[in-house]
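J.: Sending over a structure as structure tokens; questions will come in a sec.
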Amino acid sequence: MFFRLLPEVYLVVGKNKSLLQNLVLKKCVWINSRLSDLIKKCENNRPIPWEHFNILKQLETEGWGKVTDTPIFIDKLRLNNVFNEKKFHKDSPMINFATIKLTNNCNLSCDKCNHLFCPTCFKKSGENSSFTLNKLKQLIYNLKFYGCKNINVTGGEAYLCSDFLNIYEFILENEINIIINTNGLIKFKNVLFETPICISLFDKSNLNKIIENFKDFKTVILLAFDVLKTKEKLKIPTQWTFRQATQGEPYIHKNNLVNMDINSFFARKDKNYCLNNKIAILENGDVYPCLGAWKRICAIGNIFYDDWNIIIKNLLQKYWLNNIDNKTKCKHCEFRYACNSCVFLDSEKSCFYDVEVGQWK
Ligand code: SF4
Ligand code: SF4
């Protein structure tokens with residue numbers, strides 16, 4: 001007797017337990033190490049003693065695999081073309097999304113500024129620099145060379161960058177989509193009505209002023225950093241999107257494991273799902289994999305002094321391709337391709353899963 005998992009079913013082996021993930025039906029089952037070892041033998045097309053017939057037949061009935069009399073070949077469902085992966089010349093790296101911190105100036109002094117785990121904006125003490133249009137032009141040419149189609153501009157308060165409107169127009173002239181991050185307390189010019197706006201709300205008492213300033217804007221995402229409960233969001237204009245965000249380190253709990261579809265599975269298995277194809281550039285030209293990295297690591301390059309080939313190589317090798325299989329604790333966890341753990345998160349402190357015991361706390 002032989003048994004093979006279906007093409008869309010993957011076995012993810014952990015230190016203590018394992019996970020079977022069906023990427024088409026988007027379901028999973030948590031299994032013990034004995035069953036996991038048995039499935040590993042099956043996947044190697046080893047003949048299986050009849051004493052295991054009942055459990056394997058049950059897996060077949062539940063849509064995980066197939067019992068057969070002879071060994072069969074299974075071509076696993078995957079997103080990548082394996083021939084492409086084996087090519088001598090790899091595809092060129094691309095940037096999909098760039099965050100540009102236009103200025104360090106801000107009209108606010110939020111308590112947690114500089115201490116947000118995943119910031120949308122921040123200001124460094126003692127610095128007052130901003131991008132100028134000329135400095136930005138060269139950056140946009142380079143971003144375009146790497147295929148960038150989406151830019152998020154932020155600050156400080158992005159609108160306080162003295163060249164803001166010229167920069168905005170230049171980005172659009174280059175056929176790049178733009179989203180503006182703001183704290184919402186400065187009224188924007190009418191010319192920006194159609195532009196997507198992301199408003200970071202750090203203090204509930206600012207909400208009325210923000211609504212007054214942006215009520216007519218077409219696309220607004222209100223990102224509430226630990227300050228609005230779901231019920232209260234009803235006060236915001238109906239066309240706005242409401243999202244909650246956290247100021248501190250996020251916690252990883254079984255309730256926030258993610259959808260097990262094929263895209264999210266391979267986004268975590270093959271690359272770093274959060275950082276892949278992304279870049280963040282500060283107003284002094286320093287480059288990071290994301291805004292949240294600036295307090296945790298040294299800049300990986302500077303757009304005014306370093307060669308872009310080196311910057312992209314650093315991003316690619318240290319961050320884009322650095323998937324969760326390289327992270328201590330997580331690399332032994334069967335939930336690693338269903339988890340939003342960030343590369344900068346201390347999973348020893350912030351995760352409620354005990355990999356050694358195989359139990360959620
Ligand atoms: S709006 Fe952003 S940059 Fe300004 S003080 Fe608050 S957190 Fe800092
Ligand atoms: S943070 Fe790491 S150990 Fe915790 S559930 Fe996610 S992958 Fe597993």
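J.: Report ³J(HN,Hα) in whole Hz for each residue of segment 193-206, in order, from the Karplus equation J = 6.51 cos²θ - 1.76 cosθ + 1.60 where θ = phi - 60°; Gly and Pro get x.
T.: Karplus-based 3J(HN,Hα) across segment 193-206 equals 3, 8, 7, x, 10, 10, 9, 8, 9, 9, 9, 4, 5, 8 Hz.
J.: Apply the Karplus parameterisation 6.51 cos²θ - 1.76 cosθ + 1.60, with θ equal to phi minus 60°, to every residue of segment 322-334 and state each ³J(HN,Hα) to the nearest whole Hz, in sequence, with x for glycine and proline.
T.: Values per residue, Gly and Pro as x: 8, 7, 5, 5, 9, 9, 3, 6, 5, 5, 9, 9, 6 Hz.
J.: Relative contact order for the chain: what percent, with Cα pairs under 8 Å and sequence separation of 6 or more? Let's see the in-between values first.
T.: On the way: 629 pairs, mean separation 65.4, N = 361.
The value is 18 percent.
J.: With label points built 7 Å along Cα→Cβ from the Cα atoms of H253 and R34, find their separation and express it in nm.
T.: The two pseudo-label positions are separated by 3.3 nm.
J.: Please give me, ordered by residue number, the chymotrypsin sites (Phe, Trp or Tyr not before Pro) of segment 216-274 that lie in loop per DSSP and have at most 15 other Cβ atoms within 10 Å.
T.: Filter output for segment 216-274: Y251.
J.: Specify the inter-centroid distance of segment 161-226 and segment 16-34, based on alpha-carbon positions, in whole Å.
T.: Result: 43 Å between the Cα centres.
J.: Let me ask another. To the nearest 0.05, what FRET efficiency results for N114 and L185 with a Förster distance of 25 Å applied to their C-beta separation? Spell out each step's value before the answer.
T.: Working: r = 19 Å, r/R0 = 0.74.
Here the calculated transfer efficiency is 0.85.
J.: Loop-only trypsin sites (Lys or Arg not before Pro) in segment 206-266, please: DSSP not H, G, I, E or B, and at most 14 other Cβ atoms within 10 Å.
T.: Details: sites: K209, K215, K218, K229, K231, K233, K235, R243, K254; in loops: K215, K218, K229.
When the trypsin sites (Lys or Arg not before Pro) of segment 206-266 are filtered for loop state and at most 14 Cβ neighbours within 10 Å, K215, K218, K229 remain.
J.: Given H placed on each backbone N at 1.01 Å, which residues far from N152 in sequence or on other chains put an amide H within less than 5 Å of it?
T.: A98, T99, I100, I179
J.: Now, a different point. Each residue of segment 342-354 in order: what ³J(HN,Hα) in whole Hz does its phi give by Karplus 6.51 cos²θ - 1.76 cosθ + 1.60, θ = phi - 60°, with x for Gly and Pro?
T.: Result, ordered by residue: 8, 4, 9, 7, 7, 5, 4, 8, 9, 10, 8, 9, 9 Hz.
J.: Excluding V9 itself, what net charge comes from residues whose Cβ is under 15 Å from its Cβ, given Lys and Arg +1 and Asp and Glu -1? All intermediate terms of the calculation are to be shown ahead of the outcome.
T.: Numbers: positive: R4, K26, K27, K40, K66, K76, R78, K269; negative: E8, E43, E60, E62, D75, D261, E334.
Surrounding charge for V9 is +1.
J.: Additional query: List every DSSP H helix in the chain whose Cα atoms extend 20 Å or more along the helix's own long axis and whose mean Kyte-Doolittle hydropathy is at least 0.0. Provide the component values of the computation, followed by the final result.
T.: Numbers: long enough: none.
Taking the DSSP H segments of the chain (at least 20 Å long, mean hydropathy at least 0.0), we get none.
Values in this text are rule-based calculations from the coordinates and carry no lab data. These numbers come from a predicted model, not from an experiment. Every residue, glycine among them, receives a Cβ derived from its backbone with ideal geometry; neighbour counts consider all protein chains shown.
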